[in-house]
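What follows is one structure encoded as structure tokens, with my remarks underneath.
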Amino acid sequence: MAEQIVNHKCPACGGGLHFSSETGKLVCEFCDSSYEVSEIEAMYAGKEEKATDAFEQAEEKRQQEGEEQPENWAYSDPGGEETPWNTSGAGGDWGDEEGNMRSFSCPSCGAEILCEATTGATSCPYCDNPTVIPGQFSGNIKPDYIIPFKLNKEAAKAALKEHYKGKILLPKDFKDSNHIDEVKGIYVPFWMFSAEAMANVSFEATKVHTYRSGDYEVTRTDHFSVARSGSAAFERIPTDASKKMPDDYMDSLEPFNYSELKDFSTAYMPGYLADKYDVTIEECTERADLRCRNSIVELLRNDVHGYATVREVNRDVGLKRGDVKYALLPVWILNTTWNGTKYMFAMNGQTGKIVGDLPVSKKKLHMIRGGVVAAITLIMALSPIGGYFASLISSYF
Ligand SMILES: [Zn+2]
Ligand SMILES: [Zn+2]
């Protein structure tokens, strides 16, 4: 049977090609030749098609089918009722829920490569050649866009070191003996939602004046009812469509620079891992809706100035939901183990923004608490209101 995998090989020497984040080209590991993405695309179009056909045949065989494909939702006219997300541009095969493994044979060494059902690019564990499975990104599940990696593995490691800096509660031996178990560059699948939000929000706000009147100090609080209305367009709000990626980490990696979005091509993948989505658009719509609603309210809230306090009392938000697109975005994942606990960090492969939780040294925390108590004692000795500060500060820890 024909291969389902494509190995991108150097036309000059036959060596494995990988996509270089530095040059934005495909580079040969052996002879250093480099090729434009478009050249490799053209060269491999035929092979990709064959691999996709082979993949689809294998899938068909595997499938017991049955899933009905939902009709594509239409984008109804503005001003009408809230409309559903238009998924017509984002592939239709989203009832798919296979959780099993897939095996492919490596075209370079013939070994069997076992991977997850969502894997779209990996490397052969035996011969180390970058492998791409075009069938995972074809037909009606073809992504619309990709942002190619701009930062390499070394940049990811350096960013993690930088992340440690200035973290005074970080245990010293975590920093010193830190051995990163694994650094992986992954193209993570995202759905991108575009929408317009219209909102009327009312706030209760106060202004506080304090003045002296004879022997008395008078505090006067004026209450205001403040209303704001407005609309905002949101372009391509990303929500990650991969179950194994923690949503909060992926949200924190934003923003991505969309001016560097490219039309999707598998030629950006050799040398990286890539997954196809396993979270459906439907499963993400609630998150997308919530982000639109909260963002418009926050924009309006930020327009209320000059008050001592502002409290939202009512919101009325309408959404005009637009297109949903499918994109793969570059993320470096760094895993480390310390004292038997696993820590994961994620870095935006385009901008270098890094997120991840660090362990806290109990010893250092104690020392800092000790320091605070000493400082409070000093403040209390100097000022009669020290007690207030003391309770304020200690409630902090
Ligand atoms: Zn070469
Ligand atoms: Zn191999």
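Quick notes
- Computed from Cα atoms alone, the Kirkwood hydrodynamic radius reported for the stretch 200-281 is 18.9 Å.
- Computed FRET value (nearest 0.05) for TYR258 with ASN339, which takes r as the C-beta separation and R₀ as 45 Å: 0.65
- Each of ARG236, ARG311 was scored by other Cβ atoms within 10 Å of its Cβ. Arranged with the fewest first, they read ARG311, ARG236.
- Sites LYS353 and LYS243 - FRET efficiency at Förster radius 22 Å, r taken between beta-carbons, to 0.05: 0.45
- Estimated translational D of the stretch 276-333 in µm²/s (Stokes, Kirkwood radius over Cα pairs; 10 °C; 1.306 mPa s): 109
- Global geometry of the stretch 104-164, whether rounded, prolate or oblate, following the gyration tensor of its Cα atoms and the 1.5 cut on a/c: oblate
- Computed over Cα pairs, the Kirkwood radius of the stretch 245-314 leads via Stokes-Einstein (1.002 mPa s, 20 °C) to a diffusion coefficient of 132 µm² per second.
- Note on GLU217 and GLU298: their simple-model spin labels are 3.7 nm apart, each label 7 Å out from Cα toward Cβ.
- Per the Cα gyration tensor, the stretch 122-240 maps to an equivalent ellipsoid with semi-axes of 52, 31, 9 Å, ordered largest to smallest.
- Value of Rg to Rh for the stretch 153-359 (Rh from inverse mean 1/r over Cα pairs, i.e. Kirkwood): 1.12
- Two-site FRET efficiency, GLU204 against LYS165, from Cβ-Cβ distance with R₀ of 45 Å, rounded to 0.05: 0.60
- Peptide ranges 131-137, 214-220, 144-150, 352-358 listed from the most packed, as the mean C-beta count within 10 angstrom indicates: 131-137, 144-150, 352-358, 214-220
- Computed extension gain for ASN314 through LYS61, at 0.36 nm per residue and net of the alpha carbon distance, reaches 85.6 nm.
Computed from the coordinates by the stated procedures, all read-outs in this text should not be read as laboratory data. What you see is a predicted model, and the numbers here were worked out from it, not measured in a lab. Counting neighbours? That spans all protein chains shown, and the Cβs are built from the backbone with ideal geometry, glycine included.
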